[in-house]
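These notes are about the structure you will find just below.
The values are calculated or read from the model by the stated rules, or taken from the named source; none is laboratory data. The model shown is predicted, which means the values in this text are computed figures rather than measured ones. FYI the Cβ positions are ideal-geometry reconstructions off the backbone, even for glycines, and counts take in every protein chain you see.
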Amino acid sequence: MPDALLGALATPGLVWIGLVTIVAGIVYGFAGFGAALIYMPVTVIYVAPVVAIAAFSVSAMSSLVTVFPRALPLVNRKAVLVLILSATVAASFGICVLRVADVTVIRWVVVTVCAVTLIALIAGWRYRVEPTLGTRMGVGAAAGFVGGLSGLTGPIMVLFQLAGRDTITTTRATTVVFLTMTSLLMLPLMAAQGVLTAQAVALGVLLLVPYGVGSLIGQALFRPERERFYRTVAYAIIGLATLAGVPLWDRM
């Protein structure tokens, strides 16, 4: 592990990855979503997607002691459990595709998912019916597959939550619990398929502190009555990170 940590310290763009991780943590802490949308487009510029995904999952362990404890009592645990289990099963198939897919293609998938999600969130799409068990399983499965492939487990889930009728406090808590648990469960899934490297784990360990500190700052800033302000800031940061991650910039 010491050798892996030394290797992680030599990661190209580590300073930028660390900075974007802090920003991702802050947004996650106050909005309950957006961390991977900010982290992935920038991080995959410097490291392979599989390394970026695994490192992010490791760094997500900090959420267990930062934002997760306050969020858990506020959620519908049965509904969240269905979403988590469905996502976990489907994520294995997404990881299978990740193992054989072209890196540039995955980067385009990342920025495309980010952009489409951002547009849908800004547009304010909503549904009016109470979601069924089948609906939750479908949403969880779709989120898990995309998460296994691109590291972006959140977008589909976030869109589903924000389009519903829950309060912003409940929505934030639900996404925090879902994203924390699915990120952690991604690690054994990746290990089982032989794509969890020591380099990725070491990088994730280095990012534990900046992500955790960012999450605590964001949580301290969260005020339910200022929902519009926080969403606007989160959307702006997600948009900038998505633009930064477009593979076309590599040729300039």
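Among the listed residues VAL23, VAL27, identify the single one that is part of a helix (DSSP H, G or I) and surrounded by fewer than 24 Cβ atoms within 10 Å (Cβ to Cβ). Don't jump to the end; show me each part of the working.
Values: VAL27 fails: surrounded by fewer than 24 Cβ atoms within 10 Å (Cβ to Cβ).
The unique qualifying residue is VAL23.
Scan region 40-50 and tell me whether some residue there is crowded, with 24+ Cβ neighbours inside 10 Å and in contact with a Cys (Cβ under 8 Å, 6 or more places away or on another chain).
Yes, that holds for at least one residue.
Tell me the residue from VAL109, VAL105, VAL89 that is assigned to a helix (DSSP H, G or I) and closer than 17 Å to GLY34 by Cα, please. Walk me through it before giving the result.
Details: VAL105 fails: closer than 17 Å to GLY34 by Cα; VAL89 fails: closer than 17 Å to GLY34 by Cα.
So the residue among VAL109, VAL105, VAL89 that is assigned to a helix (DSSP H, G or I) and closer than 17 Å to GLY34 by Cα is VAL109.
Determine the pairs where a residue that is under 19 Å from LEU64 (Cα atoms), located within region 212-236, has a partner that is among the aliphatic types (A, V, I, L, M) and assigned to a helix (DSSP H, G or I) with Cβ atoms under 6 Å apart, the partner being 6 or more residues away or on another chain.
What qualifies is GLY214/ILE22; GLY214/ILE26; ILE217/ILE26; GLY218/ILE26.
Inside region 161-187, can you point out the residues that are more than 20 Å from PRO224 (Cβ to Cβ) and either of a type in the set (Gly, Ala, Ser) or in contact with a Lys or Arg (Cβ under 9 Å, 6 or more places away or on another chain) (or both)?
SER183
Within region 98-130, which residues are exposed (fewer than 15 other Cβ atoms within 10 Å of the Cβ) and either touching a His at 6+ places or on another chain (Cβ under 6 Å) or modelled with pLDDT of 80 or more (or both)? Talk me through it step by step, then tell me what you get.
Let us first name the residues in region 98-130 that are exposed (fewer than 15 other Cβ atoms within 10 Å of the Cβ), namely 99-100, 102-105, 112, 116, 119, 122-130.
ARG99, VAL100, ASP102, THR104, VAL105, THR112, VAL116, ILE119, ILE122, ALA123, listed by residue number.
Examine region 16-28 for a residue that is under 21 Å from THR171 (Cα atoms) and modelled with pLDDT under 90, and state whether such a residue exists.
Yes; the residues of region 16-28 include at least one that is under 21 Å from THR171 (Cα atoms) and modelled with pLDDT under 90.
Starting from residues that are modelled with pLDDT under 90 and over 18 Å from MET61 (Cβ atoms), keep the ones in region 187-202 and report whichever is surrounded by the fewest Cβ atoms within 10 Å (Cβ to Cβ).
GLY194
Looking at (1) surrounded by 18 or more Cβ atoms within 10 Å (Cβ to Cβ); (2) assigned to a helix (DSSP H, G or I); (3) not small (Gly, Ala, Ser), can you tell me which one VAL205 breaks?
Status for VAL205: all satisfied but (1).
Which pairs turn up if I take residues in region 146-175 that are at positive phi and look for partners that are modelled with pLDDT of 85 or more and of a type in the set (Val, Ile, Thr) with beta carbon separation below 8 Å, at least 6 apart in sequence or on another chain?
Short answer, once both residue conditions are applied: GLY151/ILE53.
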